[in-house]
Amino acid sequence: MFVDFATSADSPSDNSTADVLRSIREATDFSHPAEWFPEARSIRRRIIMHVGPTNSGKTHQALQALAAAKTGYYAGPLRLLAHEIWDRLNKGQIVPAGVTLDPSAAADDNGGTDLLDGSVPMKPPILTKEHNERFARACNLVTGEEQRIVAEDALVSCTVEMLRFDRFVDVAVVDEIQMIADSTRGSGWTAAVLGLCAKEIHLCGEGTAVEVVKDLVKETGDELIVNRYQRLTPLRVAKKSLNGDFKRIEKGDCVVSFSRSGIFALKKKIEEVTNLRCAVAYGRLPPEIRSEQAALFNDPNSGFDVIVGSDAIGMGLNLKIKRIVFESSRKWDGTREVELSTSQIKQIGGRAGRYGLHGDSSDGGIVTTLYPEDLPAVRTAMESDLPPIPGAILPINFNAYNTIQQATLADKPRFTNVLDTISLFSRTQHPYIHGENSQNRGIAELLNTTFDHFTMEDTMAWFLSPVSWRDDVAKAVATRFLKDHQLHLRVNLTKVLRQEKLLQVLETTCSVMGARTVVSDPRATLMALETLHKSIILYMWMGQRMPVVFADLEEALELKEKAEKAMEFVLQVMTKRVSARNIVSRLADGRS
């Protein structure tokens, strides 16, 4: 999230060392970022925090307030969440505040995404299964990859980085506020709290963010109200682990692993030993496919009994989980194996026993481990209180980057020099933290080669783009995109995808689907399709910012949808006892 507001002096008229240093010092004074948002400072806002653990009903009032507002935003961390809010508002499935609804109305507890943490007891549902024209609200969808405009003055559902700070609205809902401390994306949440021009702002998430938000509000001078919520259902840690016995996996379990290979190994083992069928959900899967897998697990008639997932189940998915089973209390962080944090364990473990999803049972949810050696660590984490988050990541100030670029011009300018200068000279004060994003460091190195060809606006668009740097093929695709942008000012999507052999994988899979045969190597095929999908998303993301350079947006959307269908096909091929013929039939008639 970058902020294009003038907060520094003009670049120096000469290149004397003193003038250069003075310009840099002024540009990197980040002591009072609230001043970067003069429109928001012109009004006194009412900020309402809804905080509590997973499955506490904390988003209930916020979404109802938005549904009742004339103008407003929903902003969340996932395009999947933004899409679902957009869909439900347009269909009238979110009940506005102040409306009396028949308590017997059917609640929609079978959605794919976690829009709320259970309906509040003894009150009508916030989400209804039926379309209701009475409650329908025009709502636009705005994410980094796509825009769907329904009406000019409609409500807006978006990912948090796509919020606008020059539009005055009645109500804004910002989800997962604890992500304000996330080193990769936290700047978007900080900008939202400081910069939203809304009469009423609802911040939903963990109580760990309360103290940081209090500090921010001291600077903005707004009113702050904190509403705390308790979990709606009991949650307990089992006395014993499963002792490595896969026969003890039961219908309604979610088995959690922290590697892609581990997830598919568990899926295969569970299906072989128990005769149960497993859905899967992990980070590399597109949100749309994760939602489909969640729906299969939630549907009692789908034939899918267990879900095997990564920590991706901890946010965004509405899952009817009775018991969470941790395969391990440790995970690989990219360089070494580390213990799961208390926050990670509580976020994942809290998905068990969601309110209203298991009938009238008062047993609640259960958390356990596959092996006995991991149970003590999980028990300790589940019984511990979370410490407050350390601070709020600073919004990225575009003017600072631009000023430093101009102040430090050289024969061979380097973008990493700009980053290093900001890191060295920036001045902050509590609770602000200058975020260091190791993921973006890779693309910063690559941007050194194009820095003297691009404007700072184009460079920053690339710097903030969703490149998957741990995926060598995705990195190669991004590099080709960047080079074509530099050399030709036009990026041909299909040409690049074919050069990296990704389009051929999609074509082969679609051919297999049409012929109703089997995929020869489904795991390798799925991995290639995942990379293909991420590459298409990157193209669409850049296309929203540079539509002339990345002009194949209609083709990108068509390929994205084909890739998602192909991934769904391959996932089901990998499930025991489901033939390719049955899969294709279900896909064709819309039942899958």
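Throughout, read-outs are computed from the coordinates displayed, never taken from laboratory work. Everything numeric in this text was worked out from a predicted model, so none of it was measured. No Cβ is skipped: glycine too gets one built from the backbone with ideal geometry, and neighbour counts run over all protein chains shown.
Brief remarks on what is shown
- Degrees separating the helix 553-573 axis from the principal Cα axis of the chain, which is the longest one: 30
- Where N is the number of residues in the range 465-589, Cα Rg divided by 2.2 N^0.38 Å: 1.12
- Positive minus negative residues near Glu35 (Lys, Arg vs Asp, Glu; Cβ under 12 Å): -2
- A helix-only calculation puts the chain at -12000 deg cm²/dmol for mean residue ellipticity at 222 nm, using -39500 (n - 2.57) for each DSSP H run of at least four residues, averaged over all residues.
- Within the straight-line cut-off of under 19 Å between alpha carbons, the aspartates and glutamates reachable from Lys267 are Asp245, Glu250, Asp253, Glu292, Asp299, Asp305, Asp311, Glu327, Asp521, Glu530, Glu568, sequence neighbours fewer than 8 places apart in one chain being disregarded.
- Cα gyration tensor category, rounded, prolate or oblate, for the range 230-367 with a/c compared to 1.5: rounded
- Distance in nm between pseudo-label sites at Thr416 and Phe246 (7 Å out along the Cβ direction from Cα): 4.5
- Answer label, with Cα Rg over 2.2 N^0.38 Å calculated from the coordinates and candidates (1) 1.16; (2) 0.91; (3) 0.98: (3)
- In nm, spacing of pseudo-spin labels at Glu272 and Glu339 (7 Å Cα→C-beta vector): 3.3
- Residues whose amide H comes within less than 5 Å of that of Gly365, counting only those at least five positions distant or on another chain, are Leu235, Arg236 (H built at 1.01 Å from N in the peptide plane).
- For the chain, the longest principal axis of the Cα atoms and the long axis of helix 580-589 meet at an angle of about 70 degrees.
- For the residue pairs Lys501/Lys565; Lys214/Lys331; Lys320/Lys562, the C-alpha atoms sit more than 25 angstrom apart in Lys214/Lys331; Lys320/Lys562.
- DSSP bridge pairs, the range 31-228: antiparallel proportion in percent, nearest 5: 10
- Partner lysines for Lys322 [C-alpha distance under 17 Å; skip if fewer than 8 residues away on the same chain]: Lys239, Lys240, Lys247, Lys251, Lys346
- Restricting the trypsin sites (Lys or Arg not before Pro) of the range 494-565 to loop positions (DSSP other than H, G, I, E, B) with no more than 14 neighbouring Cβ atoms within 10 Å leaves Lys501, Arg516.
- Estimated FRET transfer efficiency (Leu424, Ser259; beta-carbon r; R0 30 Å; 0.05): 0.25
- Three-way shape label, the range 429-490, alpha-carbon gyration tensor, a/c 1.5: oblate
- Between the range 372-395 and the range 486-552, the Cα center-to-center distance that results, in Å: 38
- Using the Cβ-Cβ distance between Tyr371 and Thr517 with R0 = 51 Å, the FRET efficiency computed as 1/(1 + (r/R0)^6) comes to roughly 0.85.
- If the segment from Lys214 to Val99 were pulled out straight at 0.36 nm per residue, it would be longer than the present Cα-Cα gap by 38.3 nm.
- For Pro547, net neighbour charge (Lys/Arg +1, Asp/Glu -1) across residues whose Cβ lies under 12 Å away: 0
- The residue among Leu21, Pro388, Leu526 whose Cα reaches farthest toward the positive pole of the charge dipole of the chain, with charges on the beta-carbon of Lys, Arg, Asp and Glu, is Leu526.
- Axis of helix 186-195 versus longest Cα principal axis of the chain: the two differ by about 70°, to the nearest ten degrees.
- Of all DSSP beta bridges confined to the chain, the antiparallel ones make up roughly 15%.
- Point-to-point label distance, Glu558-His488, nm (Cα→Cβ direction, 7 Å offset): 1.8
- When the chain is described by a simple charge dipole with +1 on each Lys and Arg Cβ and -1 on each Asp and Glu Cβ, the residue from Ser183, Val150, Gln572 located farthest towards its positive end is Gln572.
- Charged side chains reduced to their Cβ positions (Lys and Arg at +1, Asp and Glu at -1) give the chain a dipole of some 1760 debye around its Cα centre.
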